[in-house]
Structure formats: C-alpha cells, structure tokens
Amino acid sequence: MKFERQRRGSGSARIAVALASVMLAGGSANAEGAADLLPKKYKDAGVINLVTDAKYPPFQYIDDSGKMVGFEVDLWDAIAQKLGVKVEVTSVAFDSMIPGVQSGRWDIAMEGITDNLERQQVVSFVDYGYTTSSAYVLEEKGAEISDHLPLCGLKGAAQSGTEWVGMITAEMAAACKEAGKPEPTVSEFGTSDATLLSVYSGRTDFVLTSAASAQEIQKAAPRPVKVVPMPILPRKPSGIAFRKDESDLGEALLAALKEVRADGTYDKIYADWSVEPMKMDHEPGINLATVPAE
C-alpha cells in the first residue's frame, strides 16, 4: 500500500528556503540548513521513500476518509518540508520495515521503532522521542490489576518484531522472579490488531504495547479495556531508521528535526495528538541508545 505525502505550498517553500540560505550565507559562510545537508541523490529525486505500518494509532493509521493520519505522519511531513522534498509512504508489516531499509527497498522507516543496540547492528536511528509502555487487560478480568505483579504467570501478547516481546521475557520476567512469582509467557502476532484480538477473544491475558495508544485502544475495543501502568519498564529512544552507510542522510534528517523543534512545530504536533509523555526532553541525536538518557 503506497501513500504519497506532498508538501504544502512547495513553490513558496523552495523560495523561503532559498532566501533563508542567502541570509545565512551573509551572516556566516559555514552556516548550513537541513536542506543543504541532504545528499544530492535525494535532492535530485525530490523524494524520500518511507516505510511504516499504518495500523498503529495514534502513530499512523488510515482514517474513515482513507487518509493516513497520526502524530508521526505530521512529524515526517514537517521534517520533509525542512528538507525540501516530498515523502512517498509504503505500509507493510512491522517486522518487514527494518529489513526493507537495510536492503535498500526503502530509504527510511518510521513507526515508533525503539532504538536499541540489537537494531543498531543493521541500521542507524535519528532519535526523536521515547517509547513508553502499558499493559492492557479486559476490565472484567482485571479489576484488581494495578501493576505488573498480578500479570506474573499469565499469558502475554505482543506484536512480532517490537520491543515489547523482549520486555515481557526480560524485564517483566525478572521482576516476577524477584518477587517469587512465575514468569509471564508471550505469544507473538503479526499485526497490532491481531495482538489486541488475542486478548478480546481470551487467547491471552494481557497485551504489552505503547502507552500512547491507550485512548485509541479503549475507543475501538469491543469490550471495556483497562490500562495497567508499567513503571518497571524502561523508557527507550524511538527513531527514524536509515541505512548505516548513509550517515549523510542521517545528519540531514537530524538537522531537519532540530529545525522542527526550534520553530515550535514539534511541541505542537505532540500536543495536538496528546502524546506529550513521548516527547524528547533533551536534544535529539543519532543512536542515543548508546548513551544514558538524561
């Protein structure tokens, strides 16, 4: 499934970028904007090919009119505008995104992807926010569940290829073991919808996924769902995946992200979508999982 996101007012945007470049050149011979840093092949093409999994509100999803929307959609549009290009978007299964970028099929991937050391073996990341986690249970079964301990020994569910699979088998399992309780198990599913359906149908007891999805999950659930906070789980950087041999593209994306933050657009996007807890509260960077978060 392909979606093309065209910049608004592309002609005026080019003029604005050109004027800004002239003004910057007058003040400093070394000053460069994000558009100046973009590799020539992307400037010449005028397009960056982005892959996502558009079934993950509020990150990105298809609304009732058939349009792709979400806070990351607004963010990548804002970044593309700073770079002076348009974004052509393809939607695939989550676990196909990073291999697709690595192979060169797509240029970048963006879908709440957690930046971790394992993924850094095959791609690099421009980190723009944080992954936050909650567990979701049916209200009728979870009246007394208020933290991770009642989930010990239960059947968990997580989407294949996501950080949450490992969080169930590592952090949650360790916390349960420390408390003298049995470890939870995990079943993996190919899509977010299938993962949630496993809880609605009773095949699993809880889903571990993004805390930012709570409102959308509760709104769409066929039966009342309870959100269980998971403060024992780490807050990890999430980023735009790009090929490791394209550090110049990464630097351009990072510069564009910093410009989006500087002009207030970043804060507005996160506020508009009510996902402020996922904002980065310090300077964005590349592969921040390699350094302690502030």
message = Return the residues of segment 145-162 that are β-branched (Val, Ile, Thr) and open to solvent by 40 Å² or more (accessible area, probe 1.4 Å); say none if nothing qualifies.
response = none
note = Of the residues in segment 273-294, those that are part of a helix (DSSP H, G or I) and either open to solvent by less than 50 Å² (accessible area, probe 1.4 Å) or modelled with pLDDT of 95 or more (or both) come to 278, 288, 289
message = Looking at 117, 83, 75, 50 in this structure, which one is in contact (Cβ under 8 Å) with a residue 24 or more places away in the chain, open to solvent by 30 Å² or more (accessible area, probe 1.4 Å) and among the hydrophobic types (A, V, I, L, M, F, W, C)?
response = 117
ask   = Can you find even one residue in segment 134-144 that is surrounded by fewer than 24 Cβ atoms within 10 Å (Cβ to Cβ), touching a Pro at 6+ places or on another chain (Cβ under 8 Å) and within 25 Å of residue 236 (Cα to Cα)?
value = yes
ask   = What is the one condition in (1) buried (at least 18 other Cβ atoms within 10 Å of the Cβ); (2) modelled with pLDDT under 95; (3) not small (Gly, Ala, Ser) that residue 232 does not satisfy?
value = (1)
message = Condition check: surrounded by 21 or more Cβ atoms within 10 Å (Cβ to Cβ) and touching a residue at least 60 places away in the same chain (Cβ under 8 Å). Does residue 256 satisfy that?
response = yes
ask   = Name the residues in segment 163-189 that are surrounded by fewer than 18 Cβ atoms within 10 Å (Cβ to Cβ), in contact (Cβ under 8 Å) with a residue 12 or more places away in the chain and part of a helix (DSSP H, G or I), would you?
value = 169, 171
query = Any idea which of 122, 126 is modelled with pLDDT of 95 or more and buried (at least 20 other Cβ atoms within 10 Å of the Cβ)?
reply = 126
ask   = Is it true that residue 100 is over 21 Å from residue 210 (Cα atoms) and open to solvent by 20 Å² or more (accessible area, probe 1.4 Å)?
value = no
note = If you go through 236, 226, the only one that is within 22 Å of residue 76 (Cβ to Cβ), basic (Lys, Arg) and touching a residue at least 40 places away in the same chain (Cβ under 8 Å) is 236
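The values are calculated or read from the model by the stated rules, or taken from the named source; none is laboratory data. As the structure is a computational prediction, the values presented were derived from the model and not from experiment. Neighbour counts run over all protein chains shown; Cβ positions are idealised from the backbone, glycine included. With ligands, DNA and RNA removed, areas are computed over all heavy atoms of the protein, side chains included. Shrake-Rupley method; radii C 1.70, N 1.55, O 1.52, S 1.80 Å.
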